[in-house]
1. Any idea which residue in the stretch A:80-114 is most open to solvent (accessible area, probe 1.4 Å), counting only those that are part of a loop (DSSP other than H, G, I, E, B) and farther than 24 Å from B:V116 by Cα?
2. Would you tally the residues in the stretch A:243-279 being part of a helix (DSSP H, G or I) and either of a type in the set (F, W, Y) or open to solvent by less than 40 Å² (accessible area, probe 1.4 Å) (or both)?
3. Spot the failing condition for B:L69; the list is (1) crowded, with 17+ Cβ neighbours inside 10 Å; (2) without any contact (Cβ under 8 Å) to a residue 12 or more places away in the chain; (3) more than 9 Å from chain A (Cβ to nearest Cβ), and only one is missed.
4. If we scan the stretch A:164-183, do we find a residue that is within 14 Å of chain B (Cβ to nearest Cβ) and not basic (K, R)?
5. Looking at B:L107, is it within 25 Å of the chain's Cα centre (by Cα), facing another protein chain (nearest Cβ under 7 Å) and crowded, with 22+ Cβ neighbours inside 10 Å?
6. So A:A36 ticks every box in (1) modelled with pLDDT of 95 or more; (2) surrounded by fewer than 15 Cβ atoms within 10 Å (Cβ to Cβ); (3) among the aliphatic types (A, V, I, L, M) but one. Which box is left unticked?
7. Residues that are within 8 Å of another protein chain (Cβ to nearest Cβ) and either within 25 Å of A:L88 (Cβ to Cβ) or open to solvent by 20 Å² or more (accessible area, probe 1.4 Å) (or both), at least 3 per element: which helices (runs of 4 or more DSSP H) completely within the stretch B:116-203 meet that?
8. Do we find that B:F89 is farther than 16 Å from B:Y158 by Cβ, under 23 Å from the mean Cα position of the chain (by Cα), at pLDDT 95 or above and of a type in the set (F, W, Y) in this structure?
Amino acid sequence: MAEEEVKSTRPQGVAPAPNPKANGPQPGSPSLSAPANKPEVGPKPKGKAADDKEMVFVWPHLVSIEAIASLFFIFSLSLMSLLVNAPLRNLANPELTPNPSKAPWYFLGLQELLLHMHPALAGVIVPTAVLILLAAIPYIDSDRRGSGYWFSTRNGVRITVFAALYTMVWELALIILDEFIVPVEKATTLILESGEKLSVSPGVHWMNPHGLSHGIKPLFLHLFGRAPLTVAIGEIFIPSLLMVLIPYLLWHLIKRRYQANTRELMISMYSFFIASFVLLTIIGTAFRGHSMALMWPWHITPPIGI
Amino acid sequence: MGLWDRIKSTRLYKSIYRNDYPDTPRNQVLVILNSMVLHLHPVKIPKKQVRYTFTFGLGGTSLLMFLILTLTGVWLMFYYVPSIPGAWFSMKALQTDVYFGQFARNLHRWAAHGMVIAVLLHMTRVFYTGSYKPPREFNWAMGVVLLLLTFLLSFTGYLLPWDQLAYWAITVGSNMAKATPFIGAQVQLMLLGGYEIGQATLIRWYTLHVIFLPLAAMLLMGMHFWRVRKDGGISTPIPYDEDEAEFPPQPEAAAD
């Protein structure tokens, strides 16, 4: 059935383009990046092809799918509601701060940002900018072509995967850097959980923070003193720079590597957004324990005071 | 004449359903045109759009979640008291004293998470199929506002049980709002209805949750669906050859 349809989208007499990579685009999907006279572009969909315009009645073809999907979701939600209870913790107590106190899961990405930068940036400016940029996508990529197909172009899937991996590697590296880099101003003796004593000399260390202030911001204070300007550099300037630089580099990498057009650049930017959202949400949900310290999910204990 | 045929021949039945069961092309057209719910659809659509893996039905699933949330939400309002600390006790009572109270609350909670997930996935589907492209730009922008409304609906509901989870999530949230450049203090005052989280905050978020945000979401959803129809239904591939002159290739494409 599906195979029939795929075939039917090909204009008659046009052979399918050779497709060396298994996860290449579907036959018939257009490549926006190549000009019309290149034969390897693959067949273009032609509106005139009668098969492409085959119409079906909404009743029953669509209405039945909607009914089945609705029943499926109602049934699944009911089943879940029978098995898992919604949480109701202790009565609110302004005197007792739970540790950790986390936002609902969909805001944990933002709460993760909050650990690394100024709250105005993490809580207000970044989400506002993200919403505005999302809404702006169709006004930047205003070419009508490439709609109605998954990933639009020959390189769409590859760009998505590349951008997602690129984003995750950057962000994981930064999170780990911010967690384990510990500047120490004067000689300190730490008492570890095992009771062991550990002498730490002044300087910049790479270690588990053990409650010492850690990360890029204190490193900056350590190196350049505590003037308001250096505080601002650590918690506003450097994070802003990174948040612009990482997608900016991605944009140019995609452009050079894939000779990307605007649609493909948008794919890389959206993939950057969605990969960041997913990664930061997972880190915030499953890898942050007491005092929002980075830890493995199996080391996380239930919050205190909740 | 069977009983069913007799019912169908009554004036009452005919006043409700204006066409016979839709098993002929004529009635398949009429059922869509005559029904308020179904007339959101066109009568016929391209076969490709019916394929589940093109849309995964995510927009419809978001709407379904919203409908479940509306129904269970109205039901919860019969029992919920927006006072401090009465709210928490009414939740306790709901779970222990009311028939299906726990079940209805669970349904509301899980559908709320479901809606956030469905809306996010719907946006992602629309993006990767290029369905934001003209003429659908404005509908995409409206969709971004609907995403924001979904987050706000979910977050305002999070406060209402008045438990530790709720109280401290709001504390974190309103402290972040306080960090807004230049107008932080005013924004926080507006969100809390005072200088600290209390009765005024609860009433504010309750009103937003049960009236203002749902009305705003419904209005925008109506416009969103209407625009889907006005912009030619869900996206289909543009026939290239016809459009090439009208929409010249992108500069990047022309360059190589």
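The values are calculated or read from the model by the stated rules, or taken from the named source; none is laboratory data. What you are looking at is a predicted structure, and each value in this text was computed from that prediction instead of being measured. Backbone-built Cβ (ideal geometry, glycine too); neighbour counts: all protein chains shown. Areas reflect the complete protein model, heavy atoms only, side chains present, ligands, DNA and RNA absent. Shrake-Rupley method; radii C 1.70, N 1.55, O 1.52, S 1.80 Å.
1. A:E95
2. Result for the stretch A:243-279: 23.
3. Of (1) crowded, with 17+ Cβ neighbours inside 10 Å; (2) without any contact (Cβ under 8 Å) to a residue 12 or more places away in the chain; (3) more than 9 Å from chain A (Cβ to nearest Cβ), only one is false for B:L69: (2).
4. Checking the stretch A:164-183: at least one residue is within 14 Å of chain B (Cβ to nearest Cβ) and not basic (K, R).
5. Against the criterion (within 25 Å of the chain's Cα centre (by Cα), facing another protein chain (nearest Cβ under 7 Å) and crowded, with 22+ Cβ neighbours inside 10 Å), B:L107 qualifies.
6. Just one mismatch for A:A36, condition (1).
7. B:137-159, B:164-178
8. no
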